[in-house]
Amino acid sequence: MCPLLTEPPLPPFTSPFHLISKKNIEMSPTFSSSISLTSLFSPHHLFFSFLAFLISFLIFFLTHNKTKSKKLNLPPGPHGWPIVGNIFQFARSGKPFFEYVNDNIQKYGPIFSLKFGTRTMIIISDEKLIHEALIEKGAIFASRPRETPTRNVFSENKFTVNAATYGPVWRSLRKNMVQNMLSSTRLKEFRAVRLRAMDKLINRLSSEAEANNGVVWVLKDARFAVFCILVSMCFGLEMDEKTVEKIDQMMKLVLATVDPRIDDYVPILRPFFTKQKKRALEVRKQQIEFVVPFIEQRRRAISKPGSDHNATSFSYLDTLFDLKVEGRKSAPSNAELVTLCSEFLNGGTDTTATAVEWGIAQLITNPDIQTKLFEEIKEIVGDRRVEDKDVERMPYLHAVVKELLRKHPPTYISLTHAVTEPTTLAGYDIPTDANVEIFLPAIGKDPKMWSNPEKFDPDRFISGGEDADMTGVREVRMMPFGIGRRICPGLSMATLHVHLMIARMVQEFEWSAYPQGKKLDFSGKYEFTVVMKEPLRATIKARRSSAAAQ
């Protein structure tokens, strides 16, 4: 569950299952950037797709006999139409993409291919094949595929940690983020920021419960707390809640704007989407004009220490101002700084908040686990607030979070990979222009790897003798952060935030279903991450007085 997933401005999501619905982003009570297939397969887009098919079909038959090339031995998959591939088959299925993928796994096996217009997707679901690709052949599978034109605008031609192709730019950006921002030493410097955010979270939950007879929206409040932490870490400026919310709205607008369109998969249709291209350039201009003043405020603050009382001691921006990028003579431009800041903010917000929502839902459904966790917290910290240092001494909390990530990885399909050179896997050709997709649900639910995999059981990691190396170096049993050379650089930050938030929320409140006795629905749906199909509302009851909470 990479907090830096992805990613935007842009995660290197270039497949149609990562589709962001602008309407859902604006309307959803829980926020989360909603992913919708409606935008791609609306009558408007299908009309243009059919038009592209007719034009392209003619071009295909006029030219295919004049060109000769070696036929690739791609993994098996459903036969598609010329030019448009499997787009119509997927649309007619009426299913979410992960269900469509799962159906094809049953038919074609653990590695198969799909064709969406000009995009070839090779989907892998077997843990041994995943290990071979991302660990044993890690350097070859360590790149990213080409971006859509709109995403290229917002990513400044793939100038982000997650979207960059495997090479000098990626090495420079990732090294800086890992060593200068997300090391254990650096993370400790933001302890006070996390404590303030946790207090805000508890206060917001308390106020919401008081106004609604004890009922709260879990995802909304968890998401805001995480975003507050990341804004402070990124810009090194203390901001009021109104300003934080404005930054959040801008990030949502960007996510809505990069919504993939049918012309991203059938390029011959691009002349029909000039208005959308113009709109994307306008939003990019707005984004730069909105974010640059924060960048300049931080630049002034570090050039004249003590001049800005809202400035903190350190920020991500501090590492970027004079960053030396291999192969380049100049430091990042303001536009590139905007892109890197947006990646940092968007990547770490929804993944963490979504994990917290799934975790609270499991604790409501399993009150014995909630009680056991509360008892551990009380034993370790007594009546004071849980802090970073306490989390390290809570083995049951760690087991709860690990089980949470096994059962509910933040995405059905990990960040898209691409190969640096033509290679093979399982005897099939993997070309350099293919999107290599890793399908995750099958791994955490595999009965050959896990005892009673459908059960939420943290004790499997304590007394059950089961374990999982989340880096995937030894074997792949779960991979919420990805594995290999492109493993999430924010792994330590993400786990710290999830552990701390769940610990504080359980320390302060007893959680139960709303309405009382309701059986929670653990079905998921794909938005920017995999969220609960029915957003979680819960009833909370304070466990201790406000005086004891200090």
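Per residue, how big is the convex hull of the chain when only Cα atoms are used? Give it in Å³.
155 Å³
Could you derive backbone 3J(HN,Hα) for the range 173-184 from the dihedral phi with the Karplus parameters 6.51, -1.76 and 1.60 (θ = phi - 60°), listing whole Hz in sequence and x where the residue is Gly or Pro?
5, 5, 4, 4, 5, 5, 7, 9, 10, 10, 5, 4
Mind checking Rg over Rh on the range 143-276, alpha carbons, Kirkwood formula for Rh? Present the calculation step by step, with values, prior to reporting the outcome.
Values: Rg = 19.5 Å, Rh = 18.1 Å.
Ratio value, two decimals: 1.08.
With every protein chain present, what is the per residue accessible area of the chain (1.4 Å probe, Å²)?
41 Å²
Averaging over every viewing direction, what projected area does the convex hull of the Cα atoms of the range 405-550 cover, in nm²?
Details: hull surface 49.1 nm².
Its Cα hull, projected and averaged over all orientations, spans 12.3 nm².
What are the semi-axes of the equivalent ellipsoid for the range 65-213, taken as the square roots of 5 times the Cα gyration tensor eigenvalues, largest first, in whole Å?
40, 25, 17
Set the bar at 25 Å for Cα to Cα. Now go through 220/541; 175/220; 71/277; 220/275; 407/448; 107/518 and name every pair that lies beyond it.
Violating the 25 Å limit, Cα to Cα: 175/220; 71/277; 220/275; 107/518.
Between residue 324 and residue 275, 0.36 nm times their residue separation minus their Cα-Cα distance comes to what?
13.9 nm
Calculate what fraction, in whole %, of the accessible area of the chain sits on carbon and sulfur atoms when a 1.4 Å probe is rolled over the protein chains. Before the final figure, lay out each step's value.
Values: 12220 of 22720 Å².
Using a 1.4 Å probe with all protein chains present, the chain comes out at 54 percent carbon and sulfur.
Please compute the contact order of the chain in relative form: average sequence separation of alpha-carbon pairs under 8 Å and at least six residues apart, divided by the residue count, as a percent.
For the chain, the relative contact order is 26 percent.
Restricting to DSSP H runs of at least four residues, report the calculated mean residue ellipticity at 222 nm for the chain, -39500 (n - 2.57) per run over all residues, nearest 500 deg cm²/dmol.
Computed mean residue ellipticity for the chain: -14500 deg cm²/dmol.
The values are calculated or read from the model by the stated rules, or taken from the named source; none is laboratory data. Only a predicted model underlies this, so the values are computations on that prediction, with no experimental measurement involved. Keep in mind that these areas ignore ligands, DNA and RNA; they rest on the heavy atoms of the full protein, side chains included. Shrake-Rupley method; radii C 1.70, N 1.55, O 1.52, S 1.80 Å.
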